[in-house]
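In what follows, a structure is listed as structure tokens, so that the remarks can point back to it.
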Amino acid sequence: MRSFPGIGLGLDVHRFGGPGPLRLGGVDVEHHSGLIGHSDADVLLHAIGDALLGAAGLGDLGDHFPPTEERWRGASSVDLLGEVVEMVAHTGLGIRGVDATVVAQEPRLQPYRLGMVAAVARALGCPPEIVSVKLKTSDGLGLTGRGEGIAALAVASVGPAGSTNAP
């Protein structure tokens, strides 16, 4: 088996102004604007995908789904994350855990949090008990604080397939 870091960090940021819907963690969120991106701009799933790829030593989303390729335009981030899961599995690794944080001043996301956890777990093919999604504001600071966009950070842990932290 190849050497891999085992833990990866992902970060993604997108600006408001897209046609919508606003999609976070595979869940449609009511808001006046979507996010601008080459795919559906789901910052949460992008951060998780980058974290998983990093943990498995497989680069990042841009390596596998470059925005210069038209076939990824408007792509579903759930589908992209599914491909990432397959890439990780192909290396003989399994997902041990994912912890993610969405940073947004608006819209209010708390009513969607549990749905995001469930949708992320489905996309990853893992139990929801090993997925954590947290929601934060940036207290009016920066692009998220001014309501210009949304950011997400994620940490993922992978290990030999069949070795999970699931209960």
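What follows is calculated from the coordinates using simple rules that are stated; it is not laboratory data. All values reported here derive from a predicted model rather than from experimental measurement. We place every Cβ from the backbone using ideal geometry, glycine too, and count neighbours over all the protein chains shown.
The table below gives the values:
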quantity: Where labels lie 7 Å past Cα in the beta-carbon direction, separation of residue 15 and residue 64 in nm; calculated: 2.8 nm
quantity: Whole-Hz ³J(HN,Hα) from phi, Karplus 6.51 cos²θ - 1.76 cosθ + 1.60, for region 88-98, glycine and proline x; calculated: 5, 4, 4, 7, x, 9, x, 7, 9, x, 9
quantity: Sparse-neighbourhood loop sites, trypsin sites (Lys or Arg not before Pro) in region 1-38 - DSSP loop, at most 12 other Cβ within 10 angstrom; calculated: 2
quantity: For peptides 134-147, 115-128, sequence by mean Cβ density within 10 Å, most packed first; calculated: 115-128, 134-147
quantity: Cα centre as origin, Lys/Arg/Asp/Glu Cβ charges: the chain dipole, Debye; calculated: 320 debye
quantity: Amide proton proximity set for residue 93, modelled H, under 5 Å, gap of 5+; calculated: 161
quantity: Listed residues 74, 18, 94, most fluctuating in the chain (Gaussian network, C-alpha, under 10 Å); calculated: 74
quantity: Candidates 61, 153, 114: whichever shows maximal mean-square fluctuation once the chain is modelled as a Gaussian network with Cα springs under 10 Å; calculated: 114
quantity: Approximate shape of region 1-108 as ellipsoid semi-axes (Cα gyration tensor, √5λ), whole Å, largest first; calculated: 26, 15, 10
quantity: For the chain: relative contact order, % (alpha-carbon pairs under 8 angstrom, 6 or more apart); calculated: 31 percent
quantity: Fraction of antiparallel bridges per DSSP, region 1-147 only, in percent to nearest 5; calculated: 45 percent
quantity: Built amide H within the under 5 Å cut-off of residue 57, gap 5+; calculated: 6
